[in-house]
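Participant: Pasting a structure below so you can have a look.
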Amino acid sequence: MTSALNLFIGLAMGVNLVALASSRLPSIIRAAALQGMVLGLLPLLLEEKFHWLVAVVAVGTVAVKGFVIPGLLRRALRVANIDREMQPLLGFIPSLLIGAGATIGAVALGGALPLRPEHAHSLLVPGAFATVVCGFLLLMGRTKAITQVCGYLILENGIYLFGLLLINTTPLIVEAGILLDLTVAVFVIGIIVDRIQREFDTLDTTKLTSLHE
Amino acid sequence: MIATFEVLLRLLVWLLLAPLLPGIINKVKAWVAGRRGPPVLQLYFDLAKLWRKGVVLSTAVSPGHIAGVAVAWVSLVCAAMLLPAGPSGAPLAFRGDALLFVYLLALARFCTASAALDTGSAFEGMGAAREVSYAVLGEAAIITALLTLGLQSGSVSLTTMLAPAAGAGAALLAAGLFAVLLAENCRVPFDDPNTHLELTMIHEVMVLDHSGPPLAAILHGASLKLLMFSVLLAEAVLPIGKLSPPAAAAALAGSVLTVTVGIGLVESLLARLAFRRVPLLLTTAFLLCLFALLVAWKGGHL
C-alpha cells in the first residue's frame with residue numbers, strides 16, 4: 001500500500017519538474033492536470049476500507065482538476081492566442097535546478113521531522129513540501145497569467161497533499177468546498193485573463209504594475 | 001600466459017565488435033525511412049580505406065595533433081578494458097577503477113578537443129568549445145549515475161558496481177544514462193552525426209581537418225565509445241553480472257542490440273534540438289540520475 005502511495009506521490013513530484021522545465025503553455029496545463037488527477041486518486045489508496053463518499057470525492061477531484069479546470073484554462077489560452085512563455089523572470093534551467101534542490105531538500109526534511117509512525121515511511125510530507133515550493137516557483141518566476149494559474153494549481157495540489165495527512169478527521173464536505181472554491185477561482189481568473197488580453201493585447205502580468213484612473 | 005591471452009582476446013573482441021554498432025544504427029534508420037541503406041559492415045570498409053590513405057596535415061599543426069588523436073584512442077581502449085563483460089569481470093579491475101573510467105573518458109575528450117584546436121581553424125575551435133561545454137553537463141550526469149551504482153552496491157569497483165540490477169530507481173537511471181549516451185556519442189537530439197552544416201555540428205566539426213589513419217582512429221574510437229556506453233547502460237540496469245556466462249553473454253548482446261536499435265529509432269523519429277534547448281535536456285538527464293541517487297539513498301528508509 002505504502003509503496004503504491006509513494007509511487008503516485010513520486011510521479012506527482014516528477015510532474016512538478018516537468019511543469020518547471022516546459023516552456024509551452026499547453027504542456028504546463030497538461031502537467032498540472034495530470035498532477036491533480038494523480039493526487040485525486042490518493043484518498044482511495046489511503047483509506048483501508050472502501051467508502052462510497054471517499055470514492056465520490058476522488059471522482060469529483062479527478063473530474064474537476066483533470067478536466068474542468070484544464071478545459072477552462074485551454075479556453076482562455078485559445079482566446080488569448082498565445083502558446084509559449086517567452087521571457088520568464090527565472091530561466092527554465094535555474095528553475096528546474098531549484099525545483100530539484102527543493103525536492104531533495106523536502107525528502108531530507110521529511111526524514112528529520114518527528115512524524116507519526118504511520119506517516120514516517122511515506123512521501124506525503126516531502127511531496128507536499130516539494131509541490132508547494134515548485135508551485136511558488138512557477139508563480140514567482142513566470143510572467144504569463146496562465147502559467148501563474150498553473151503555479152497556483154500546483155501550489156494547491158501541495159496543500160491538498162498535506163491535507164491528506166488528516167484525511168480521517170477532515171469532513172469530506174470541506175474537501176468538496178475547497179474543490180468548488182478552486183474551480184470558481186480558476187473560472188474568475190479565466191475572465192481576468194480575457195480582460196487583460198483585451199486591455200493590453202498581451203498576457204504579460206508585468207504590465208499590471210502601475211495604476212491608472 | 002593464459003591470463004595474458006585472455007586479456008588480448010577480450011581486447012580483440014572490443015576492438016572488432018565496436019564498428020558494428022554504427023552500421024546497425026544506419027541500417028535501422030534506412031529501414032524506418034524505407035531505403036536499403038549502406039551495408040552493416042560499412043564502417044569496417046571505411047576504416048580499411050582510411051588506413052591505407054596518406055595523411056594531409058596543415059602547416060600550422062604541431063606534433064600534438066597526431067599525438068592527441070593517438071592518446072584519445074588509447075584512453076578509450078583502456079576505459080573499455082575497465083568495463084566488466086558479464087560475470088567474468090573486467091580484464092583490469094581494482095578498487096576505485098570507476099574514477100579512472102570517468103577520467104579516461106575525460107582525457108579522450110580533452111585530447112580530441114586539443115587536437116582540433118591544434119589545426120588552428122576557427123571552425124574547429126568552435127566545435128571543440130561546443131563539445132566541452134556540453135560535456136560539463138554530461139559528465140555531471142554520468143558521475144551521478146556511477147555514484148548511484150556505488151551507493152547501491154557499496155563499492156567503487158566497476159565489476160561489483162555493475163553486477164547487481166539497479167534497485168528501485170532503475171527506470172530513472174536507464175533514462176538518464178540513455179540521454180547521456182545520446183549526448184556523449186553525438187546522436188540525434190543533441191547532434192547529428194550525418195550533417196555537415198556549420199550551425200549544427202558539434203563532434204563532426206572537430207574532425208574535419210583529420211585525414212587518413214588519424215581519422216580512422218577517431219572514427220573507431222567513437223564507435224568504441226558507443227559500444228562502451230551501451231554496455232554500461234545494459235549492465236547498470238540488468239543483473240548481468242549475476243547470470244551464468246552463456247546467459248550473461250546472450251543478455252549482454254541482446255541488450256546492446258536493443259540499445260542500438262533504440263538509438264536508430266530515436267534518430268529516425270526525433271528531430272535535432274535547437275542549440276539553446278540542449279542544456280535543458282542534459283540538465284534533465286542529470287536530474288534523472290540525481291533522483292536515481294536519491295532513491296538509492298532514501299529507498300531503504302521509505
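Participant: It is to be established whether one or more residues within the range B:100-119 are over 30 Å from A:Ser3 (Cβ atoms), among the aromatic types (Phe, Trp, Tyr), modelled with pLDDT under 90 and surrounded by fewer than 17 Cβ atoms within 10 Å (Cβ to Cβ).
Facilitator: If we filter the range B:100-119 for residues that are over 30 Å from A:Ser3 (Cβ atoms), which is where we start, we get B:100-119.
Pick out the ones that are also among the aromatic types (Phe, Trp, Tyr) and you get B:101, B:103, B:110.
Then keep just the ones that are modelled with pLDDT under 90; that gives none.
So far as the range B:100-119 goes, no, none of its residues is over 30 Å from A:Ser3 (Cβ atoms), among the aromatic types (Phe, Trp, Tyr), modelled with pLDDT under 90 and surrounded by fewer than 17 Cβ atoms within 10 Å (Cβ to Cβ).
Participant: Here is a check on your reading of the model: is B:Arg187 assigned to a loop (DSSP other than H, G, I, E, B) and out of contact with any Ser or Thr (no Cβ under 9 Å at 6 or more places or on another chain)? It would help to see each step written out before you state the result.
Facilitator: On the way: assigned to a loop (DSSP other than H, G, I, E, B): yes; out of contact with any Ser or Thr (no Cβ under 9 Å at 6 or more places or on another chain): yes.
Yes, satisfied.
Okay, residues lined up against (1) of a type in the set (A, V, I, L, M, F, W, C); (2) under 14 Å from the mean Cα position of the chain (by Cα):
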position: B:Val136; (1), (2): yes, no
position: B:Leu151; (1), (2): yes, no
position: B:Val156; (1), (2): yes, no
position: B:Gly169; (1), (2): no, no
position: B:Leu177; (1), (2): yes, yes
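Participant: Among (1) modelled with pLDDT under 85; (2) surrounded by fewer than 17 Cβ atoms within 10 Å (Cβ to Cβ); (3) not β-branched (Val, Ile, Thr); (4) not in a loop (DSSP other than H, G, I, E, B), where does A:Ala76 come up short?
Facilitator: (2) is the only condition that A:Ala76 fails.
Participant: Does A:Ile69 satisfy the criteria of being under 19 Å from A:Val186 (Cβ atoms), touching a residue at least 24 places away in the same chain (Cβ under 8 Å) and in a helix (DSSP H, G or I)? Let's see the steps before the verdict.
Facilitator: Details: under 19 Å from A:Val186 (Cβ atoms): yes; touching a residue at least 24 places away in the same chain (Cβ under 8 Å): yes; in a helix (DSSP H, G or I): yes.
Spelling it out, A:Ile69 is indeed under 19 Å from A:Val186 (Cβ atoms), touching a residue at least 24 places away in the same chain (Cβ under 8 Å) and in a helix (DSSP H, G or I).
Participant: Working carefully through the options B:Leu288, B:Leu302, find the one that is modelled with pLDDT under 90, within 11 Å of another protein chain (Cβ to nearest Cβ) and either within 21 Å of B:Ala166 (Cα to Cα) or touching a strand residue (DSSP E or B) at 6+ places or on another chain (Cβ under 6 Å) (or both).
Facilitator: On the way: B:Leu288 fails: modelled with pLDDT under 90.
Criteria check complete, one pass: B:Leu302.
Participant: Let me ask you something else. Among the candidates B:Ser255, B:Ser230, which residue alone is surrounded by fewer than 22 Cβ atoms within 10 Å (Cβ to Cβ) and in a helix (DSSP H, G or I)? I'd like the intermediate steps shown before the answer.
Facilitator: Details: B:Ser230 fails: surrounded by fewer than 22 Cβ atoms within 10 Å (Cβ to Cβ).
Criteria check complete, one pass: B:Ser255.
Participant: Something else about it: Counting only residues that are within 14 Å of chain A (Cβ to nearest Cβ) and either among the aliphatic types (A, V, I, L, M) or surrounded by 15 or more Cβ atoms within 10 Å (Cβ to Cβ) (or both), how many does the range B:258-285 have? Let's see the steps before the verdict.
Facilitator: From the range B:258-285, those within 14 Å of chain A (Cβ to nearest Cβ) are B:273-285; that's our starting set.
Subset that is either among the aliphatic types (A, V, I, L, M) or surrounded by 15 or more Cβ atoms within 10 Å (Cβ to Cβ) (or both): B:273-274, B:278-285.
Matching residues across the range B:258-285 total 10.
Participant: Can you tell me which residue among A:Ala128, A:Ala108 is under 18 Å from A:Met13 (Cβ atoms), away from chain B (no Cβ under 14 Å) and either at pLDDT 85 or above or over 13 Å from the mean Cα position of the chain (by Cα) (or both)? Give the derivation first.
Facilitator: On the way: A:Ala108 fails: away from chain B (no Cβ under 14 Å).
Result of the check over A:Ala128, A:Ala108: A:Ala128.
Participant: Right, here's the next one. Identify all residues within the range B:109-146 that are of a type in the set (Gly, Ala, Ser) and under 29 Å from B:Ala251 (Cα atoms); write none if there are none.
Facilitator: The first filter runs over the range B:109-146 and keeps only residues of a type in the set (Gly, Ala, Ser), leaving B:113-116, B:120-122, B:125, B:127-129, B:133, B:135, B:138, B:140-141, B:145.
B:Gly138, B:Ala140, B:Ala141, B:Ala145 - these are the residues of the range B:109-146 that are of a type in the set (Gly, Ala, Ser) and under 29 Å from B:Ala251 (Cα atoms).
Participant: Which condition breaks for A:Phe200 when tested against (1) in contact (Cβ under 8 Å) with a residue 40 or more places away in the chain; (2) touching a Lys or Arg at 6+ places or on another chain (Cβ under 9 Å)?
Facilitator: (1)
Participant: For the list (1) modelled with pLDDT under 85; (2) under 20 Å from B:Val102 (Cα atoms); (3) surrounded by fewer than 20 Cβ atoms within 10 Å (Cβ to Cβ), I need the number of the one condition that B:Ala168 fails.
Facilitator: Here B:Ala168 clears every test but (2).
Participant: If you scan the range B:58-87, which residues turn out to be touching a residue at least 12 places away in the same chain (Cβ under 8 Å) and not in a helix (DSSP H, G or I)?
Facilitator: Within the range B:58-87, B:Ser58, B:Ala60, B:Val61, B:Ser62, B:Leu83, B:Pro84, B:Ala85 qualify.
The values are calculated or read from the model by the stated rules, or taken from the named source; none is laboratory data. From a predicted model like this one, the values you see are computed outputs, not experimental measurements. Cβ sites come from the backbone with ideal geometry, for glycine too, and all protein chains shown count toward neighbours.
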